Structure formats: C-alpha cells, structure tokens
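The values are calculated or read from the model by the stated rules, or taken from the named source; none is laboratory data. Note that the structure is a prediction, hence the values are computed from the model and not measured. Counting neighbours? That spans all protein chains shown, and the Cβs are built from the backbone with ideal geometry, glycine included.
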C-alpha cells in the first residue's frame with residue numbers, strides 16, 4: 001500500500017501534464033499529505049526529527065505496521081486519486097478581460113482600501129496597544145474575540161479587502177505599482193498583528209491565476225519571485241515568535257530560514273491531527289456537526305462541540321491553541337473510517353459542481369462581468385486547498401463567504417461598472 005501511495009503521486013504529476021496543473025496538485029500535496037511523507041522518511045531513515053517525535057509524544061507510540069496505519073494509507077491513497085481527478089476536471093483558463101476605462105479600473109482597489117480601513121477601526125484599541133505600548137500583536141488579536149470584540153467581522157473584512165485587491169489585479173490583467181503599494185500596507189498590518197492565514201489564501205489564488213494566463217518554463221527568476229512571495233509569510237512568523245531585536249536582524253533571520261517551514265513544524269502540523277484521531281477511538285454525535293454550523297451563523301445557541309474543540313479539549317487540553325485539524329481528521333471524528341473517503345468524494349464533487357456553476361451559470365453570465373467569475377473561481381479554489389489546514393472549520397467561510405457573499409458583492413460591482421461604462425461610452 002505504501003508503494004501504491006508513492007506510485008499514484010508520481011503518476012499524478014505525469015498525468016496532469018501541464019505545469020500549472022502540476023503546481024496546483026503539489027500545493028494540495030503540501031497542505032494535505034506532506035506530513036505523511038515526512039513521517040515515512042523519518043521511519044525509513046531512523047533519523048532525528050523533533051516534529052515527528054512531538055507527534056509521537058502527543059499521539060502515542062503507534063505501530064507503523066498495524067491495522068490503523070493501513071487505514072491511514074487507505075485514506076491517503078484514495079483521497080489522492082479524488083484530488084487528481086478534481087484538479088483534472090477544473091478549467092483554469094482565464095476568462096477574457098473586459099477592457100475598462102481608467103476611472104472604472106480603480107473601483108476595486110479603492111473599495112479594498114476602504115474595507116481594510118474599516119477592519120482596522122474595529123481593532124483600533126488593540127492596534128494602539130501594539131504600536132504604542134509594545135504589546136504582542138499575535139497574542140492580543142488572538143484573544144480579541146474572547147474579550148467581546150467582533151473578531152469574526154474583523155477577519156471577514158480583512159478577507160474581503162484581499163479578494164477585492166486580487167480582483168483589481170485580475171481586472172487590469174497585470175500587477176501594477178499601486179497593487180504593490182497597497183499590498184505593502186497590508187503586509188505591515190499583518191506583521192504587527194501576526195495574522196497571516198488570509199495572506200496564504202491571497203498568495204495561492206494569485207499563483208493559480210498567474211499560472212493560468214502565462215505559459216511558464218523553469219527560469220531562475222521565477223525562483224526569485226517565489227522567495228519574494230514567501231518572504232512576508234516568514235517575516236510574520238519570525239516576528240511573532242519574538243527573539244529579534246531590530247528590523248535588520250528580523251529580515252536577516254527570515255531570509256536565512258525561509259525554507260524552515262518546508263522542513264519544519266509548518267509542514268507537519270496539519271498532519272498531526274490525522275493520526276491522532278485514527279490511532280485513538282473517538283465517537284461523537286454527528287448532530288454536533290450540524291449544530292456547530294447553525295451556531296456559527298447565530299441560528300441556535302446549542303454550543304455544539306466543533307471538530308476543532310473536540311480535538312483540542314478531549315485530546316490535547318494542555319495545548320494553548322490545540323493543533324491544526326486536517327479535514328480527514330474532522331471526518332474521522334464523526335464517521336466510520338470506511339465512510340471517510342466516499343464522504344470526501346461527495347464533498348469534493350459538490351464543491352466542483354458549485355465552482356462550475358459559478359463559472360458557467362446563465363445567471364452569473366448575465367449579472368457578472370466575465371473576469372469576476374475568474375476571481376470567484378480562483379479564490380474559492382484556494383480556500384478548498386486550505387481545507388487541508390483548516391478542516392471542517394474551513395467549510396463554513398467557504399460556503400458562506402466564497403460561494404454566497406462574495407458573488408453578491410461582485411454582482412453589485414458588475415452592475416455599477418456596467419452603468420459607469422455605458423455612461424463613459426456615451427460621452
């Protein structure tokens with residue numbers, strides 16, 4: 001079975017053929033399965049790996065040849081096949097751009113800045129403590145919601161400002177200087193607050209879009225571009241971890257350790273939760289999953305245990321924030337292990353149909369400018385990739401924000417731009 005897992009990985013890269021599809025597939029692999037490959041390498045080489053040792057410490061000593069390990073291999077093997085055909089089915093060719101006048105082209109970027117300013121206003125007192133009093137932005141913002149602050153609204157507006165920035169890039173068809181300046185402002189904010197999850201989504205969506213509109217052959221400059229893109233994420237990680245006394249030391253440490261997340265805890269953390277629920281016997285009521293979703297949009301007050309809270313409170317109560325929970329771990333909590341793969345196939349098929357609907361539906365063809373359909377497609381797919389890190393918890397913003405709220409926002413923008421465009425054409 002182990003040989004089959006590696007064989008399907010090699011076959012998948014060959015089968016997808018085009019560079020953009022290979023890149024997308026391997027982004028999935030990194031977020032979903034890279035921890036498994038590190039686990040196997042550690043076992044085969046008998047080397048020292050502190051992250052794997054920690055995994056064994058929190059999960060317990062498990063047999064790599066036992067029946068539960070075979071369950072793990074079974075799920076990875078078939079999930080890999082599902083992801084392969086999911087990516088193969090999706091069409092990542094960008095829709096044709098509707099050329100707009102310069103006065104219209106700035107609408108998205110200005111709205112992005114406005115939404116960003118509102119999100120800052122919500123946490124103005126916390127930002128004051130960070131900038132003036134030198135408080136830890138990472139700790140302060142993470143505890144913001146626990147102290148009565150509207151953290152959900154703040155995060156939603158941050159995400160909305162980034163998708164509007166992304167849509168501006170897609171509208172224009174290239175990255176302009178004002179896009180870079182705007183993103184630099186956002187990066188400074190994320191550095192102060194230690195927030196980076198939304199930045200992950202923005203970078204992945206931007207990479208997918210860029211690869212879909214340009215045929216790329218390997219060049220050294222693209223490696224440099226990759227380093228430039230990854231640097232902000234590493235700077236945020238180093239900064240919020242403390243231990244750097246000045247800006248130059250922060251940049252130097254970030255640059256010299258930029259590959260650490262690839263071979264460090266960042267690549268294994270999303271995988272921690274998967275073995276933990278397979279190698280433990282966990283039985284919880286399926287109704288928790290439904291009530292959690294209803295609770296999240298304030299329709300009930302059931303206070304259901306989420307897959308994340310189950311994982312944290314029942315398995316690792318001593319952890320400050322728990323460990324990241326993989327979507328397969330979430331499904332394993334609520335369902336028999338044999339049902340996990342078909343359920344994942346059903347979820348994947350449903351998400352695919354929704355994405356196809358947004359990009360092809362007559363309704364959106366009438367009310368949406370064509371390039372806004374591309375924005376929704378690439379952004380939603382980036383959110384699907386991040387389900388490997390966010391698990392079932394990531395389904396809520398994907399369904400409510402990416403598939404419902406953002407399309408409505410872009411429908412309004414489309415109507416505004418159509419009216420403005422007709423007005424300019426008549427002048």
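Consider residue 390 carefully, then state whether it is closer than 26 Å to residue 340 by Cα and either touching a strand residue (DSSP E or B) at 6+ places or on another chain (Cβ under 9 Å) or modelled with pLDDT under 85 (or both).
Judged against the criteria, residue 390 is a match.
Looking at the stretch 1-64, what helices (runs of 4 or more DSSP H) fall wholly within it and have at least 3 residues that are at pLDDT below 75?
It comes to 34-45, 50-59.
If you check every pair at least six apart or on different chains, which have Cβ atoms under 7 Å apart with a residue in the stretch 203-228 that is more than 16 Å from residue 378 (Cβ to Cβ) and not assigned by TED's automatic domain parsing to the domain that holds residue 179 first and a residue that is at pLDDT 80 or above and outside any helix (DSSP H, G or I) second?
Pairs found: none.
Taking the stated definitions as given, is residue 149 more than 22 Å from the chain's Cα centre (by Cα), more than 29 Å from residue 396 (Cβ to Cβ) and at pLDDT below 80? Working first, answer last.
Working: more than 22 Å from the chain's Cα centre (by Cα): yes; more than 29 Å from residue 396 (Cβ to Cβ): no; at pLDDT below 80: yes.
Taking the combined requirement at face value, the residue does not satisfy it.
Given the criterion modelled with pLDDT of 75 or more and closer than 26 Å to residue 287 by Cβ, identify the matching residue among 375, 340. Outline the logic, then answer.
Values: 375 fails: closer than 26 Å to residue 287 by Cβ.
Testing whether each residue is modelled with pLDDT of 75 or more and closer than 26 Å to residue 287 by Cβ leaves just 340.
Being at pLDDT 80 or above and either under 21 Å from the mean Cα position of the chain (by Cα) or not assigned by TED's automatic domain parsing to the domain that holds residue 378 (or both) narrows it down to one of 246, 197, 158, so name that one. Before you say what the answer is, go through the steps one by one.
Values: 246 fails: at pLDDT 80 or above; 197 fails: at pLDDT 80 or above.
Result: 158 is the single residue among 246, 197, 158 that is at pLDDT 80 or above and either under 21 Å from the mean Cα position of the chain (by Cα) or not assigned by TED's automatic domain parsing to the domain that holds residue 378 (or both).
Here is a check on your reading of the model: is residue 327 modelled with pLDDT of 80 or more and more than 16 Å from residue 402 (Cα to Cα)?
On the way: modelled with pLDDT of 80 or more: yes; more than 16 Å from residue 402 (Cα to Cα): yes.
Yes; evaluated as a whole, the condition is true for this residue.
Table: residues versus (1) buried (at least 19 other Cβ atoms within 10 Å of the Cβ); (2) closer than 14 Å to residue 231 by Cα; (3) touching a residue at least 40 places away in the same chain (Cβ under 8 Å).
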{"site": "161", "(1), (2), (3)": "yes, no, yes"}
{"site": "165", "(1), (2), (3)": "yes, no, yes"}
{"site": "170", "(1), (2), (3)": "yes, no, yes"}
{"site": "175", "(1), (2), (3)": "no, no, no"}
{"site": "178", "(1), (2), (3)": "no, no, yes"}
{"site": "187", "(1), (2), (3)": "no, yes, yes"}
{"site": "191", "(1), (2), (3)": "no, yes, yes"}
{"site": "195", "(1), (2), (3)": "yes, no, yes"}
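Go through the stretch 72-90 and give me each residue that's farther than 20 Å from residue 272 by Cα and modelled with pLDDT of 80 or more.
Quick first cut of the stretch 72-90, residues farther than 20 Å from residue 272 by Cα only: 81-90.
Once the filter is applied, which keeps residues that are farther than 20 Å from residue 272 by Cα and modelled with pLDDT of 80 or more, the stretch 72-90 yields 81, 82, 83, 84, 85, 86, 87, 88, 89.
Looking only at the stretch 275-291, decide whether some residue is at pLDDT 75 or above, out of contact with any helix residue (DSSP H, G or I) (no Cβ under 9 Å at 6 or more places or on another chain), surrounded by 17 or more Cβ atoms within 10 Å (Cβ to Cβ) and assigned by TED's automatic domain parsing to the domain that holds residue 41.
Looking for residues that are at pLDDT 75 or above, out of contact with any helix residue (DSSP H, G or I) (no Cβ under 9 Å at 6 or more places or on another chain), surrounded by 17 or more Cβ atoms within 10 Å (Cβ to Cβ) and assigned by TED's automatic domain parsing to the domain that holds residue 41, one finds at least one in the stretch 275-291, hence yes.
Would you check if residue 69 is over 30 Å from residue 182 (Cα atoms) and at pLDDT 75 or above? Break it down into steps so the answer makes sense when it comes.
Details: over 30 Å from residue 182 (Cα atoms): yes; at pLDDT 75 or above: yes.
Spelling it out, residue 69 is indeed over 30 Å from residue 182 (Cα atoms) and at pLDDT 75 or above.
Is it the case that some residue within the stretch 205-213 is outside any helix (DSSP H, G or I) and at pLDDT below 80? Steps first, please.
At the first step, the residues of the stretch 205-213 found to be outside any helix (DSSP H, G or I) are none.
No: zero hits.
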